[in-house]
Amino acid sequence: MRHWTLSAAIGAAILSSSSGIASPVQVVVSGIYVLDDERSDNAFKVIDSATADLPDAKHPGLRQRLRKSVAVSRLRISTAGSRVGVAYDAKAPIVVWIGEAPIKWKLVEGFVFDVSAKANDDSVSLTFRDESARTVTYGIERTVTYRSVGQDLVADTTIISPLFSKPIVYRQVYMPTR
């Protein structure tokens, strides 16, 4: 009996120990969220300001490309184990596994991304690498880090490209739908 008790205690300790990386189920609350414009940065203004010095003639459609990829007013996020699912507005959903190989995701025709995911202590991050079949590529990489703050979902976004002198950074706050 004493041996069984000791084995059970060791088993419980192993099962309750953590590797330091929380499961996404613990850090991001699944649900449907809508953008809170009052508490969010205006992503369009941030992008326009950051790209103001880039000539349209040299980089046609860059601003439009960036704006189209961040225009989200409603999102659905779900997590289960190491799987993360995100659907932006009425776009095709993304289903990706944390720490696994990137998946191909088509936002709309001509906007194709390699999407990967990773979990941190209190967040889940999705990284979108622009892999479009267009003749002009900008080497754009966008990382969105989602974390639950109370009932809200906070999305911190960083966009980098060799074209930018510094990263484009903004925060958006989403409220759960009722």
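The values are calculated or read from the model by the stated rules, or taken from the named source; none is laboratory data. All values derive from a computational prediction rather than experimental measurement. FYI the Cβ positions are ideal-geometry reconstructions off the backbone, even for glycines, and counts take in every protein chain you see. Heavy atoms of the whole protein, side chains included, go into the accessibility calculation; ligands, DNA and RNA do not. Shrake-Rupley method; radii C 1.70, N 1.55, O 1.52, S 1.80 Å.
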- Message: Consider region 95-114. How many of its residues are open to solvent by 20 Å² or more (accessible area, probe 1.4 Å), closer than 18 Å to LYS68 by Cα, of a type outside the set (A, V, I, L, M) and part of a strand (DSSP E or B)?
- Response: 3
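Just to be sure before I move on: is SER123 touching a residue at least 12 places away in the same chain (Cβ under 8 Å), open to solvent by less than 40 Å² (accessible area, probe 1.4 Å), touching a Leu at 6+ places or on another chain (Cβ under 9 Å) and not charged (D, E, K, R) in the structure I sent? Even if it seems obvious, please write down each step before you answer.
On the way: touching a residue at least 12 places away in the same chain (Cβ under 8 Å): yes; open to solvent by less than 40 Å² (accessible area, probe 1.4 Å): yes; touching a Leu at 6+ places or on another chain (Cβ under 9 Å): no; not charged (D, E, K, R): yes.
No.
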- Item | Matching residues in region 136-167 - criterion: being open to solvent by 30 Å² or more (accessible area, probe 1.4 Å), hydrophobic (A, V, I, L, M, F, W, C) and assigned to a loop (DSSP other than H, G, I, E, B) | VAL136, LEU163
- Query: With respect to the numbered conditions (1) under 21 Å from GLY31 (Cα atoms); (2) of a type outside the set (Phe, Trp, Tyr); (3) at pLDDT 90 or above, which one is the sole condition not fulfilled by ILE103?
  - Reply: (1)
- Kindly list the number of the only condition in (1) surrounded by 15 or more Cβ atoms within 10 Å (Cβ to Cβ); (2) under 19 Å from ASP114 (Cα atoms); (3) free of Cβ contacts under 8 Å to residues at least 60 places away in the same chain that fails for ALA71. (1)
